[in-house]
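Okay, structure first, notes after.
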Amino acid sequence: MPNSALSAAPPTPPKQHRSLDDRLMSLTRTAGLRSAIVTILILSLGGLALITYLSVRDSHAEPIIALRPTRTGETEYCLTCHDGIEAISASHSIEEFGCVSCHGGERTALDEETAHTNLVVNPTALDTVDQYCGECHAGHNATVQRSIMTTYAGAIGLVRRSFGLQPDGVAQYGVNAIGHLQEFTVSADDPPPVQKFSENCLLCHVDGAGLAEDYFYRSTGCAACHVLYTDDGLYQGNDPTISRTEAGHAQTHQFTTAIPYTQCNHCHNRGNYDFRSMTFVPRDDMPAEHPSESAQRVHDYYQPISQFTLCEWELDCIDCHTAQEIMGDGLLYNDRSEAQYTQCQTCHGTPDSPPLEMVVTSPDDLALVYAGVNPQVDLSVGATIMVTERGEPLYHVRRVGDEWMLTGKATGDTYTVPLVQGSNCTQDASDQASASCHQCHAYNREVAP
């Protein structure tokens with residue numbers, strides 16, 4: 001029996017009962033697996049953005065400032081470094097436009113080199129303005145491209161005619177080819193003065209970089225006029241990344257339509273071109289400090305040989321020169337004399353007739369559009385304003401009672417505009433050259449207040 005007992009099949013082992021701890025451990029492993037799968041799915045659907053943010057956050061010492069402009073809907077971190085920078089204008093709020101939609105760059109990078117990849121410093125430069133500003137400003141972009149200050153056709157035509165390369169003053173060339181104007185280039189066969197002109201004298205046009213010297217600092221494109229520079233080219237804004245001691249920066253990161261004469265003077269009234277040597281000769285009376293703002297203005301505005309009337313130095317350039325004269329009207333002019341059409345009679349009238357006028361009748365009138373973007377001028381429907389012979393509204397000159405009042409576009413100062421009609425002025429209505437008015441109305445700079 002003992003042997004048969006040894007040969008019998010072994011008994012079935014008792015059923016194993018897992019402990020509670022074992023079952024919980026198994027459930028935990030199962031739940032962990034499920035959680036891992038869900039996590040992977042989440043990451044594949046966008047969780048990587050969170051990891052990227054956390055990685056960037058951990059590698060950057062300063063708190064990250066995230067901005068999601070309504071125009072793009074895409075987060076950008078530019079203000080993390082540029083916190084404090086000025087809003088470019090009330091019409092271009094940072095909440096709507098952000099930074100990248102105008103300046104390019106890598107919107108989520110926080111190191112300078114990567115963030116500034118493909119950076120566009122000046123989106124208003126004429127080679128990029130259509131891309132960055134054309135959605136709203138296509139009309140202005142087109143007329144500026146054809147303006148005499150962009151083509152420089154007048155100066156080019158004068159030099160070519162003077163040295164026998166063309167028979168008359170009809171413009172054939174511009175700085176860039178546009179319309180019937182060919183791009184101005186020179187060859188070794190051209191007279192040496194024309195070659196020197198090409199080398200030395202093509203700075204003074206809207207898309208040409210100004211001299212990197214005091215009084216000449218400015219931007220290009222639309223920003224050449226609408227972004228202000230100080231005479232020393234130093235930044236005075238609140239962006240902590242922009243040097244306050246390195247010249248060549250705008251005064252602030254802002255557009256303005258209240259353009260003072262000092263901005264115009266970054267190109268104008270700074271010297272003369274010597275036609276014999278084809279070189280620019282800067283004024284030798286700069287800088288000069290004067291005891292009053294008025295005296296400083298007279299000195300800065302006009303060179304010592306110049307004659308001028310009271311309004312020609314008391315007002316700013318944009319108070320007399322219209323938008324179409326400065327930014328163009330879409331036509332290609334041969335020279336400045338064709339583009340510039342405002343005269344003394346535009347505001348002062350003639351012995352026989354008052355200046356032209358119009359009544360603002362609609363909120364959509366161009367006069368109200370212009371006034372709406374100028375911080376100095378207050379205008380409303382029902383106002384009577386002056387208008388030029390080409391129909392441009394002089395929205396800053398309006399009738400107040402029996403008088404005409406001019407509000408300075410740059411300063412907000414107000415002036416009474418005297419009319420020729422009914423006065424003792426003996427002007428010849430057919431002779432509107434400034435020299436004719438200077439015969440009686442030239443101002444003595446020595447007695448400027």
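Is one or more of the residues making up the stretch 376-386 closer than 17 Å to Cys344 by Cα, out of contact with any Lys or Arg (no Cβ under 7 Å at 6 or more places or on another chain) and at pLDDT 95 or above? For the stretch 376-386, residues closer than 17 Å to Cys344 by Cα, out of contact with any Lys or Arg (no Cβ under 7 Å at 6 or more places or on another chain) and at pLDDT 95 or above: present. Exactly one residue among Ala142, Ala171, Ala125 is in contact (Cβ under 8 Å) with a residue 60 or more places away in the chain, within 18 Å of Phe255 (Cβ to Cβ) and not assigned by TED's automatic domain parsing to the domain that holds Ser91, and that residue is Ala125.
Here is a check on your reading of the model: is Val417 hydrophobic (A, V, I, L, M, F, W, C), without any contact (Cβ under 8 Å) to a residue 24 or more places away in the chain, on the phi < 0 side of the Ramachandran plot and surrounded by 12 or more Cβ atoms within 10 Å (Cβ to Cβ)? No, not satisfied.
Name the residue that is farthest from the chain's Cα centre (by Cα), counting only residues in the stretch 214-230 that are more than 21 Å from Ala142 (Cα to Cα) and in contact (Cβ under 8 Å) with a residue 60 or more places away in the chain. By that ranking, first place goes to Asp214. Checking the stated criteria, Thr322 turns out not to satisfy the condition of being in the same structural domain as Val397 (by TED's automatic domain parsing) and either out of contact with any Pro (no Cβ under 6 Å at 6 or more places or on another chain) or β-branched (Val, Ile, Thr) (or both). In the stretch 374-394 there is no residue that is out of contact with any Pro (no Cβ under 7 Å at 6 or more places or on another chain), loosely packed, with under 13 Cβ neighbours inside 10 Å and of a type in the set (A, V, I, L, M).
So is Ala410 crowded, with 19+ Cβ neighbours inside 10 Å, under 19 Å from Arg297 (Cβ atoms), touching a residue at least 12 places away in the same chain (Cβ under 8 Å) and in contact with a Pro (Cβ under 7 Å, 6 or more places away or on another chain) or not? For Ala410, the condition - crowded, with 19+ Cβ neighbours inside 10 Å, under 19 Å from Arg297 (Cβ atoms), touching a residue at least 12 places away in the same chain (Cβ under 8 Å) and in contact with a Pro (Cβ under 7 Å, 6 or more places away or on another chain) - is met.
Here Gly174, Gly233, Gly237 are screened, and the one residue that is within 21 Å of the chain's Cα centre (by Cα), over 28 Å from Ala371 (Cα atoms) and surrounded by 13 or more Cβ atoms within 10 Å (Cβ to Cβ) is Gly233.
Against the test of being assigned to a helix (DSSP H, G or I) and free of Cβ contacts under 8 Å to residues at least 40 places away in the same chain, the options Leu368, Leu379 yield a single qualifying residue, Leu368.
With a requirement of 2 or more residues that are modelled with pLDDT of 95 or more and under 30 Å from Pro69 (Cβ atoms), the helices (runs of 4 or more DSSP H) lying completely within the stretch 99-205 that satisfy it span 100-103, 112-115, 129-146.
The values are calculated or read from the model by the stated rules, or taken from the named source; none is laboratory data. Note that the structure is predicted; figures quoted are calculated from it, not measured. Note that we place each Cβ from the backbone using ideal geometry, even for glycine, and neighbour counts take in every protein chain shown.
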